[in-house]
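The values are calculated or read from the model by the stated rules, or taken from the named source; none is laboratory data. All values reported here derive from a predicted model rather than from experimental measurement. All Cβ positions, even for glycine, are placed from backbone atoms using ideal geometry, and neighbour counts span all protein chains on display.
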Amino acid sequence: MYEKVMSLNQATDLIKDGMLLGIGGNGMHRTPTIFSMALTQKPVKELKICGTALGLAADILFATNQADTAYFGFFGLENEAGLAPGMRKAMEGAEPKARAIEGS
Amino acid sequence: MGGMWGSDLVALRPEFFRAMKSPFDGTEVVCVKALVPDYAIIHVQEADVYGNCRILGPSYQDALLARAAKKTIITTERIVGTYRMKEEPKLTAIPHFLVEAVVELPGGAKPGICYPEYQAVEWPKHKAYQKAVKEGQVVQYAQSMLEGRL
C-alpha cells in the first residue's frame with residue numbers, strides 16, 4: 001500500500017479529453033458533485049459518462065457541454081429535485097449536443 | 001446471462017446485447033458488452049490514505065463500479081486511520097488497489113445528500129444551480145461553490 005492523498009486540483013488533472021467516467025452515487029445521493037464542479041474549471045471535453053442512476057454530479061458535466069454521451073439506466077435527480085436540467089438542456093431540442101444511450 | 005430474456009433491450013441495443021449459444025451446454029444465452037470506465041469517480045464517507053474506503057448507508061452500485069473501472073478516484077468526507085478498516089475488514093467497500101487518488105473533501109456531495117453527514121438537499125443552492133443551467137452560468141456557479149478548494 002502507498003499513500004495516494006492529493007489535492008482536488010491534482011485529481012481533476014487526471015481526467016483527459018474523451019475519457020469514459022463512471023460516476024458513483026444515485027440521483028441527489030452521495031454523488032461527487034464538488035469533483036464535477038472542479039472539472040468545470042478545466043478545459044477537459046468530449047467526456048463519456050456511465051452509471052446506473054446518474055444524478056447531479058453527471059448533470060453538471062452535461063450542463064457545461066463537457067460531456068457528450070451518457071450510458072445509463074436512469075438519469076435524474078428524483079423527488080422534489082425532479083428532472084436533470086443540464087442533461088435535458090444538452091440532449092433535447094433540434095440540435096442536441098449530447099447523446100443518451102439508455103439501457104446500456 | 002439469463003435475466004435479459006423478455007426484455008426489449010436485446011433487440012433495441014445490438015451494440016450491447018447479443019444472443020449466442022453457451023459453449024458449455026449449447027443453450028441460448030444473452031451476452032452483454034462491458035463498459036470499462038477510464039476512471040470511476042466515487043464520493044465516500046471514510047477513506048484511509050491508501051484508498052481503502054467505507055461507504056455508510058446505501059452503497060448503490062459503487063463497489064461494482066470501482067471494480068469495472070481501470071482506476072478509481074475517491075473524494076471523501078474525511079480521512080480515517082487504517083485501524084477503521086482493520087476493525088471490520090468486510091466493511092471495506094473499495095480496497096486500496098483499485099484506487100489511484102484520494103481527495104479529502106468534506107461536503108463533497110453538496111448541495112446533494114451524503115448520509116449521515118448531511119441528510120437534506122440544500123435547496124437554495126440547488127435552485128441556484130437550476131437557474132445557472134438555464135442562464136448558461138454553471139461554470140461561474142461551480143466557482144462559487146468551490147470556495148477556493150481547487
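Report, by residue number, each residue of segment A:1-50 that is at the interface with chain B (Cβ under 7 Å from one of its Cβ atoms), closer than 17 Å to A:A98 by Cα and out of contact with any strand residue (DSSP E or B) (no Cβ under 9 Å at 6 or more places or on another chain). Selection gives A:T40 alone.
Filtering A:A58, A:A63, A:A67 for residues that are under 23 Å from B:S144 (Cα atoms), touching a residue at least 24 places away in the same chain (Cβ under 8 Å), more than 7 Å from chain B (Cβ to nearest Cβ) and touching a Gly at 6+ places or on another chain (Cβ under 7 Å) leaves a single hit, A:A58.
Among the candidates B:Y60, B:Y115, B:Y83, B:Y50, the residue that is surrounded by fewer than 16 Cβ atoms within 10 Å (Cβ to Cβ), aromatic (F, W, Y), under 24 Å from A:K4 (Cβ atoms) and at pLDDT 95 or above is uniquely B:Y83. Looking across segment B:15-47, the residues that are modelled with pLDDT under 95 and either at the interface with another protein chain (Cβ under 7 Å from one of its Cβ atoms) or part of a strand (DSSP E or B) (or both) come down to B:F16, B:F17, B:R18, B:A19, B:M20, B:K21, B:E28, B:V29, B:V30, B:C31, B:V32. Filtering segment B:88-100 to residues that are under 14 Å from the mean Cα position of the chain (by Cα) and either facing another protein chain (nearest Cβ under 7 Å) or within 19 Å of A:L8 (Cα to Cα) (or both) leaves B:L98, B:V99.
Reported count of residues in segment B:120-147, each being surrounded by 12 or more Cβ atoms within 10 Å (Cβ to Cβ), more than 8 Å from every other protein chain (Cβ to nearest Cβ) and among the aliphatic types (A, V, I, L, M), is 1. The condition of being closer than 19 Å to B:L35 by Cβ and either surrounded by 18 or more Cβ atoms within 10 Å (Cβ to Cβ) or within 10 Å of the chain's Cα centre (by Cα) (or both) holds for only one of A:I60, A:I23, A:I101, A:I34, that being A:I23.
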